[in-house]
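The values are calculated or read from the model by the stated rules, or taken from the named source; none is laboratory data. In this text, all values refer to a predicted model and were calculated from it rather than measured experimentally. Glycine also receives a Cβ, built like all others from the backbone with ideal geometry; neighbour counts cover every protein chain displayed. These accessible areas exclude ligands, DNA and RNA; they are computed on the full protein's heavy atoms, side chains included. Shrake-Rupley method; radii C 1.70, N 1.55, O 1.52, S 1.80 Å.
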Amino acid sequence: MSQDDITNEAVAVVNGRELTVTRYINALRSLVYEAWTDPKHLPHWWGPRGFTITIQSMEVRPGGSWVYIMHGPNGVDYPNMITYIEVVSPERLVYVHSGGEDDDAGFDVTVTFEEEDGKTKITMQSTFPSSEALQLVVEKYGAIEGAISTLGRLAEHLEHR
């Protein structure tokens with residue numbers, strides 16, 4: 001793939017119960033991975049535009065978890081918990097994303113970080129229990145727009161590094 005073929009816009013694809021979002025970030029893979037796994041970076045970019053987060057705990061390792069609250073622009077707080085299944089620095093993260101310990105309706109996420117022509121290609125594939133569960137988060141929470149916005153914020157954060 002040539003430099004001219006690489007776009008910095010995110011692309012989202014829904015296929016059955018899977019949502020895949022891909023975006024190129026103009027930064028080295030090691031830095032992109034660090035921004036995704038270091039609690040010093042995450043409050044600057046995680047979540048859609050208008051949202052902020054408070055990290056309660058974070059341990060990026062297989063079996064570890066990241067517990068945080070997303071604060072919506074409407075004043076609503078959204079509890080979140082990520083439980084790491086696989087951590088391969090700086091290539092891949094595999095985790096279960098849920099609303100917290102009492103939420104059994106989580107979904108699986110695989111994030112890959114690939115170097116291409118001086119940029120990092122991020123692919124975030126989320127697999128939901130059913131296509132109906134995916135449709136619910138798309139309609140109720142704006143999952144597609146939220147993922148695209150979040151990756152846009154990541155790109156902006158890394159431009160200033």
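If you sort Lys121, Lys140, Lys40 by accessible surface, 1.4 Å probe, largest first, the order is Lys40, Lys140, Lys121.
With the cut-off at 1.5 for a/c, could you classify the chain from its C-alpha gyration tensor as rounded, prolate or oblate? Cα axes put the chain in the rounded bin. Taking Gly106, Gly75, Gly47 as the candidate residues, the one with maximal mean-square fluctuation in a Gaussian network model of the chain, Cα springs under 10 Å, is Gly75. Heavy-atom accessible surface of Asp77, to the nearest 10 Å², is about 90 Å², with a 1.4 Å probe and all protein chains retained. Using the 1.4 Å probe convention, the accessible area of the chain works out to 53 Å² per residue with neighbouring protein chains retained.
Take His41: with every protein chain present and a 1.4 Å probe, its accessible area is about 10 Å². Taking the chain as a Gaussian network of alpha-carbon nodes connected by springs under 10 Å, the highest mean-square fluctuation of the residues Glu91, Glu115, Glu132 belongs to Glu132. Rounded to a whole number, what % of the accessible area of the chain do carbon and sulfur atoms account for, probe 1.4 Å? Carbon plus sulfur share of accessible area: 48 percent. Within the shell defined by Cβ-Cβ distances under 15 Å, the residues around Leu42 carry a net charge of -1, with Lys and Arg each +1 and Asp and Glu each -1. Neighbours of Glu91 by Cβ distance under 14 Å: Lys/Arg scored +1, Asp/Glu scored -1, total -2.
Along its principal axes, region 103-161 has C-alpha extents of 38, 19, 19 angstrom, given from the largest down. Between the beta carbons of Asn26 and Ser89, assuming R0 = 22 Å, the FRET efficiency works out to 0.60 to the nearest 0.05.
For the residues Asn80, Asn26, Asn15, a GNM of the chain with alpha-carbon springs under 10 Å puts the largest fluctuation on Asn15.
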